[in-house]
Amino acid sequence: MDLLLRDDVRPSDTQAVREIVLATGMFHDYEVDVAVELVAERLARGPASGYFFVFAEQGGRVVGYACYGPIACTAGSFDLYWIAVRPDCQGQGLGRALLAASEERIAAADGRCIYIETSCRKQYAPTRAFYERCGYRLEATLRDFYAPGDDKAIYVRRCV
């Protein structure tokens, strides 16, 4: 099935993002709410929100997305806030396509570095391995950041 990547954010994307993030089974309810809030913020404030999106569609259905934005008070540093793909669509290269599209857009916006933060919990091992396969390196680990025993891993990649 053909893959369509789009940058425009539509009102229906709030529900699509909720469904995708919930379906992964990786996130707490409050984290799901944050993912949806970023879409709502973009819809309300447009580019001034500082949140930018790439949505992956197959057959008219949103099957994955990435959210990124510039880090305030820096010269060209960006965060990748979210990247998620429906479990039934994983393993098809969609995550890599979303990440590459985000990287291209960040580079076009004079981005120098991209930072990704994720948990060090065991269930996130495949996520961390994905980032490493995509050329990100572990820059720092913050012990007990999210909760006791739940460290934060910070990955970085310089834009080309």
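Each stretch of four or more DSSP H residues adds -39500 (n - 2.57); spread over every residue of the chain, this sum gives -10500 deg cm²/dmol at 222 nm.
In a reduced charge model with +1 at each Lys and Arg Cβ and -1 at each Asp and Glu Cβ, the chain shows a dipole moment near 400 debye about its Cα centre. Run the Debye formula on the Cα coordinates of the chain, all scatterers equal and no solvent, and tell me log10 I(q)/I(0) at q = 0.14, 0.18 1/Å. Here log10 of I(q) over I(0) equals -0.70, -1.21.
Counting Lys and Arg as +1 and Asp and Glu as -1 over every other residue whose Cβ lies under 9 Å from the Cβ of Y51, the net charge comes to +1.
Any read-out appearing in this document is the output of simple, stated calculations on the displayed coordinates, not a laboratory observation. Worth saying up front: this structure is predicted, and the values here are computed from it rather than measured. Neighbour counts run over all protein chains shown; Cβ positions are idealised from the backbone, glycine included.
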